[in-house]
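The values are calculated or read from the model by the stated rules, or taken from the named source; none is laboratory data. What you see is a predicted model, and the numbers here were worked out from it, not measured in a lab. Here the Cβ positions follow ideal geometry from the backbone for every residue, glycine too, while neighbour counts run over all protein chains shown. Note: accessible area is taken over every heavy atom of the protein model, side chains too, but ligands, DNA and RNA are not part of it. Shrake-Rupley method; radii C 1.70, N 1.55, O 1.52, S 1.80 Å.
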Amino acid sequence: MFSNKDIAQFAQLETPFYYYDLSLLQETLSSCAAAAKVYHFHVHYAMKANFNDTLLKKIRETGFGADCVSGNEVKKAIEMGFSAGQVVFAGVGKSDREINYALDQDIFCFNVESVQELEVINELALQKGKKVKVAIRINPNVDAHTHHNITTGLDENKFGVNSWDLPACAEMLKKCTALEFVGIHFHIGSQITNLDVYKNLCVRVNEFAQWFEERGYLVRVLNVGGGLGIDYHNPDQQIPDFEAYFKIFNDFLDVRSNQEVHFELGRALVGQSSSLISKVLYVKNGKKKNFIILDAGMTELMRPALYQAYHQIENISKKGQEVNFKYDVVGPICESTDCFGKEVALQETLRGDLIAIRSTGAYGEVMASHYNLRENVSVVFSEEN
Ligand SMILES: *Cc1c(COP(=O)(O)O)cnc(C)c1O
């Protein structure tokens with residue numbers, strides 16, 4: 001919810017811009033940290049969700065580690081002051097250059113996604129005379145019950161080592177003298193709102209941990225990834241239920257005293273703390289529907305075009321007035337998928353009205369592009385109280 005003061009401030013600024021509510025971000029981070037602490041769980045922030053410096057600084061100050069999926073993310077994490085000992089590095093296609101860089105930084109752990117990657121990391125580590133910690137990212141074939149474009153833990157997905165490749169993986173680990181196996185890693189998808197999914201994951205994690213232990217491997221780290229969803233339909237109900245989330249893992253994972261449980265949360269930590277603020281350029285009456293054309297498009301917020309994501313759309317200039325119109329809310333980009341919502345119920349809307357697209361803190365600003373030679377996306381931060 002925006003105060004009248006916020007709205008008056010927005011009206012003075014050039015649109016479009018991402019507005020970040022830093023107090024809400026802080027509350028969300030503190031809530032997560034407190035809930036994780038109860039069980040001594042380790043949290044790594046999945047940097048790809050949002051790598052804005054101001055946010056990263058707050059996240060680092062909370063004490064979280066960093067979960068990176070590219071060499072440049074590892075670099076950014078180190079530059080932003082995350083301790084290398086709290087950096088994990090996943091990704092199905094790590095290049096030699098990225099691996100070498102991460103080796104030089106002595107990061108906590110590589111989450112390795114194929115048998116061949118084990119071999120390559122081993123060779124590169126040998127060349128540097130280093131010993132390197134690895135966890136095996138396993139594809140557990142657990143359905144995340146989320147949009148198919150953001151599902152990552154099924155047999156048909158490209159991520160992780162499939163169960164049938166685990167014997168080859170164990171063999172390779174034995175041969176690779178530069179590798180130190182520390183544990184197993186999972187990440188089954190994003191925007192997971194049905195917590196039962198995580199119960200199923202726990203059952204699989206327990207089985208895989210046992211599988212490795214039966215073969216003489218000490219599984220010190222159980223990294224269960226991230227994916228906790230947010231409520232895009234209720235952006236004002238803002239802080240995810242971290243307590244319920246962590247409790248599931250406490251209840252269903254077999255954790256021994258010599259084991260650590262690690263998480264990689266992205267969206268849940270940052271998603272609700274931002275809105276994309278945009279202005280209505282034109283209102284156009286079509287034959288069957290009316291269009292609102294915004295000055296923000298898929299170049300600022302790609303999620304709706306990329307995976308039909310829902311974001312709540314509000315006309316904040318007409319706050320409190322009766323909602324009795326329906327519009328398709330679209331951007332200015334020359335693509336038909338450049339549409340933020342169809343048949344959106346709104347107040348009667350006019351050129352110049354401010355439109356807030358809510359819950360854009362995760363996978364928003366970071367996915368912005370220059371397609372159509374668009375400007376860099378601007379950012380505005382709330383004052384902190
Ligand atoms: C993207 C990603 C995450 C975070 O996903 P969220 O849905 O944002 O929580 C965690 N781990 C890995 C390996 C990822 O690629």
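Does Ile107 qualify as being of a type outside the set (D, E, K, R) and open to solvent by less than 30 Å² (accessible area, probe 1.4 Å)? Taking the combined requirement at face value, the residue satisfies it.
For region 250-266, check the following and say yes or no: at least one residue is open to solvent by less than 50 Å² (accessible area, probe 1.4 Å), over 21 Å from Val38 (Cβ atoms) and touching a Phe, Trp or Tyr at 6+ places or on another chain (Cβ under 9 Å).
yes
Evaluating Tyr363 against the criteria (1) out of contact with any Phe, Trp or Tyr (no Cβ under 6 Å at 6 or more places or on another chain); (2) in a loop (DSSP other than H, G, I, E, B); (3) surrounded by fewer than 20 Cβ atoms within 10 Å (Cβ to Cβ) leaves one unmet condition, (3).
Can you name the residue in region 176-212 that is of a type in the set (Ser, Thr, Tyr) and either touching a Pro at 6+ places or on another chain (Cβ under 8 Å) or surrounded by fewer than 18 Cβ atoms within 10 Å (Cβ to Cβ) (or both) and, of all such residues, is nearest to Gly266 (Cα to Cα)?
Let us first name the residues in region 176-212 that are of a type in the set (Ser, Thr, Tyr), namely 177, 190, 193, 198.
In the following step, the residues that additionally are either touching a Pro at 6+ places or on another chain (Cβ under 8 Å) or surrounded by fewer than 18 Cβ atoms within 10 Å (Cβ to Cβ) (or both) were identified as 177, 193.
Details: Thr177: 33, Thr193: 14 Å.
If we take residues in region 176-212 being of a type in the set (Ser, Thr, Tyr) and either touching a Pro at 6+ places or on another chain (Cβ under 8 Å) or surrounded by fewer than 18 Cβ atoms within 10 Å (Cβ to Cβ) (or both), then Thr193 is nearest to Gly266 (Cα to Cα).
In region 242-286, what residues are charged (D, E, K, R), touching a Lys or Arg at 6+ places or on another chain (Cβ under 9 Å) and assigned by TED's automatic domain parsing to the domain that holds His185? Result: Asp251, Glu260.
Could you say whether any residue in region 212-224 is in contact (Cβ under 8 Å) with a residue 24 or more places away in the chain, more than 14 Å from the ligand (Cβ to nearest atom), aromatic (Phe, Trp, Tyr) and farther than 30 Å from Ser275 by Cβ? Yes, some residue in region 212-224 is in contact (Cβ under 8 Å) with a residue 24 or more places away in the chain, more than 14 Å from the ligand (Cβ to nearest atom), aromatic (Phe, Trp, Tyr) and farther than 30 Å from Ser275 by Cβ. Restricted to region 260-314, and to residues there that are more than 16 Å from the ligand (Cβ to nearest atom) and among the small types (Gly, Ala, Ser), the residue that is farthest from Cys334 (Cα to Cα) is Ser275. The set of residues in region 111-160 being among the charged types (D, E, K, R), surrounded by 15 or more Cβ atoms within 10 Å (Cβ to Cβ) and within 15 Å of the ligand (Cβ to nearest atom) consists of Glu113, Glu117, Arg137.
The condition (being in contact with an Asp or Glu (Cβ under 9 Å, 6 or more places away or on another chain), of a type in the set (D, E, K, R) and either without any contact (Cβ under 8 Å) to a residue 40 or more places away in the chain or away from the ligand (no atom under 14 Å from the Cβ) (or both)) is satisfied by just one residue among Lys94, Lys75: Lys94.
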